[in-house]
1. Give me a count of the residues in segment 183-224 that are surrounded by fewer than 21 Cβ atoms within 10 Å (Cβ to Cβ), closer than 27 Å to Glu46 by Cα and more than 21 Å from the chain's Cα centre (by Cα).
2. Does Pro286 satisfy being modelled with pLDDT under 80, more than 30 Å from Asp191 (Cβ to Cβ) and over 20 Å from the mean Cα position of the chain (by Cα)?
3. Go through segment 25-69 and give me each residue that's of a type in the set (S, T, N, Q) and in a helix (DSSP H, G or I).
4. For the list (1) surrounded by 24 or more Cβ atoms within 10 Å (Cβ to Cβ); (2) hydroxyl-bearing (Ser, Thr, Tyr); (3) over 22 Å from Leu107 (Cα atoms), I need the number of the one condition that Tyr27 fails.
5. In segment 205-264, which residues are part of a loop (DSSP other than H, G, I, E, B), touching a residue at least 24 places away in the same chain (Cβ under 8 Å) and of a type in the set (A, V, I, L, M)?
6. Scan segment 79-95 residue by residue and report those that are among the aliphatic types (A, V, I, L, M) and either crowded, with 19+ Cβ neighbours inside 10 Å or in a helix (DSSP H, G or I) (or both).
7. Looking at Leu134, is it surrounded by fewer than 16 Cβ atoms within 10 Å (Cβ to Cβ), over 30 Å from Arg313 (Cα atoms) and modelled with pLDDT under 95?
8. In segment 103-130, which residue that is assigned to a loop (DSSP other than H, G, I, E, B) and under 25 Å from the mean Cα position of the chain (by Cα) is farthest from Gly234 (Cα to Cα)?
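The values are calculated or read from the model by the stated rules, or taken from the named source; none is laboratory data. Worth saying up front: this structure is predicted, and the values here are computed from it rather than measured. Don't worry about glycine lacking a Cβ; one is built from the backbone with ideal geometry, like all the others, and counts go over all protein chains shown.
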Amino acid sequence: MSENLTLLAIVLGILHSGIRLATPYLYAAIGETFAQRSGVLNLGVEGIMLMGAFFGFYATFQTGNPWIGLVAAALTGSLMGLLMAVVSITFQAEQGISGIGLYMFGLGISSLLFKTMLGTVEGVQGFRELQFCLTSSFCLADIPVLGDVFFSHSLLTYGAYALVPIATYVLNKTTWGLKVRSVGQNPEAADSLGVSVSSIRYASVILGASLAGIAGASLSISLLNIFQENMTNGIGFIAVALVYFGSWTPLGVMLGALLFSSINALQLWVQVLNLPIPSDVAVMLPYLLTIIALAIPFRRSLQPAALTKPFSRGEN
């Protein structure tokens, strides 16, 4: 009986952690979905997340208000996205190389700013877990078994999941979403119908980068409430892979994010419980799954036809 209770506790712990840890993946990957659906591959997501994490944390640290930190992170991401758009869309640089350059820029600047403006790891009071209380003595988190799993997360976590149906609606049911999909699939045809390919791609990349900035802030002022150098630890690159894994759809991205975050939670529990599995093997599980996801050939066939391809008016 006790073994069954222990197993249930572990499973519930993994579920709770998986839902919580999926937060930065969701923001970053859904943002990247918009960029890629418009035809732009942004490999600088990791660097944008680091910059968003720093400025979100620093603004919160200075003001004590996590909402100001969230706005600072979103604005930082937007500026980074604008830089990526100028280089990739206006100057038509090779998107993969410019994205890696943006990542290195974000990594270096965030580390420099941390050393000069903070100097040491500090903590802040970020977004707290929401209390869904029906009465003064009963909250939804008190529901047996699944209450704590679903009703003890911060606003940013719930916002990440709310973003899935919103992004799905925008991409599939709005005129702007149709334009995003059209310039990513056939920019020449979209241009012939009067759609400004550059404007749509600019907006998509900046939106995606803004969400990546929020993804970084979800780490520094929600999940961890600290900032340290290179704290994203590859999440941005996994987020790019999640777009492929999810077949360029927000719902697919969410399922992939939950899978990746649950595996990440599993490896944390492996270390906590001191199971006879090498810690190095447990840590590499999410990255191994990333490689497998990118190796599936039929998913690559679903990608937007004009992804990574620059567009100039008058060219066929």
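1. Qualifying residue count, segment 183-224: 3.
2. So Pro286 fails the test.
3. Hits for segment 25-69 are Thr33, Gln36, Thr60, Gln62, Thr63.
4. (3) is the only condition that Tyr27 fails.
5. Met231 - this is the single residue of segment 205-264 that is part of a loop (DSSP other than H, G, I, E, B), touching a residue at least 24 places away in the same chain (Cβ under 8 Å) and of a type in the set (A, V, I, L, M).
6. Leu79, Met80, Leu82, Leu83, Met84, Ala85, Val86, Val87, Ile89, listed by residue number.
7. Yes; evaluated as a whole, the condition is true for this residue.
8. Applying the filter and picking the extreme gives Leu130.
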